[in-house]
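Inspection log for the structure reproduced underneath, given as structure tokens.
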Amino acid sequence: MIISYAQVPATSSGKLINYENFPSVFVESRNIDVWLPDGYDKNKKYAVLYMHDGQMLFDSTINWNKQEWGVDETMGRLLKKNIIKESIVVGIWNTSKRHAEYFPQKP
């Protein structure tokens, strides 16, 4: 099952680029969100943080339980204080196969 954006996630800092139904040879296509920090420069190199459950990272108004992880707020604050390296975040949405993909074998 692929979830289409009823609404594009909003962020309090940085810029979000959305890729709907991003293809993969390993798993079912899924939505991907890429968060770029304020002042992002395409000519610079950035650390990359990959996060699962991408639909839960940035905007509480678009997900099932109306909660979010606050990634844009936290990243923006840490970058502004120079506590972490300049980074981007790749949020990989899950699908209805979430459990099977996260636990492909019995523990």
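List of remarks:
- Counting the residues of region 64-96 that are open to solvent by 100 Å² or more (accessible area, probe 1.4 Å) and among the charged types (D, E, K, R) gives 5.
- Lone unmet requirement of (1) open to solvent by less than 60 Å² (accessible area, probe 1.4 Å); (2) assigned to a loop (DSSP other than H, G, I, E, B); (3) out of contact with any Ser or Thr (no Cβ under 6 Å at 6 or more places or on another chain); (4) of a type in the set (D, E, K, R) for Glu28: (3)
- As for region 62-73, it holds at least one residue that is without any contact (Cβ under 8 Å) to a residue 12 or more places away in the chain and farther than 15 Å from Ala10 by Cα.
- Residue identified as assigned to a loop (DSSP other than H, G, I, E, B), open to solvent by 30 Å² or more (accessible area, probe 1.4 Å), modelled with pLDDT of 95 or more and out of contact with any Cys (no Cβ under 9 Å at 6 or more places or on another chain) among Lys106, Lys45: Lys45
The values are calculated or read from the model by the stated rules, or taken from the named source; none is laboratory data. What you are looking at is a predicted structure, and each value in this text was computed from that prediction instead of being measured. For neighbour counting, all protein chains shown are included, and Cβ atoms are generated from backbone atoms with ideal geometry for every residue, glycine included. For accessibility, only protein heavy atoms count, side chains too; no ligands or nucleic acids. Shrake-Rupley method; radii C 1.70, N 1.55, O 1.52, S 1.80 Å.
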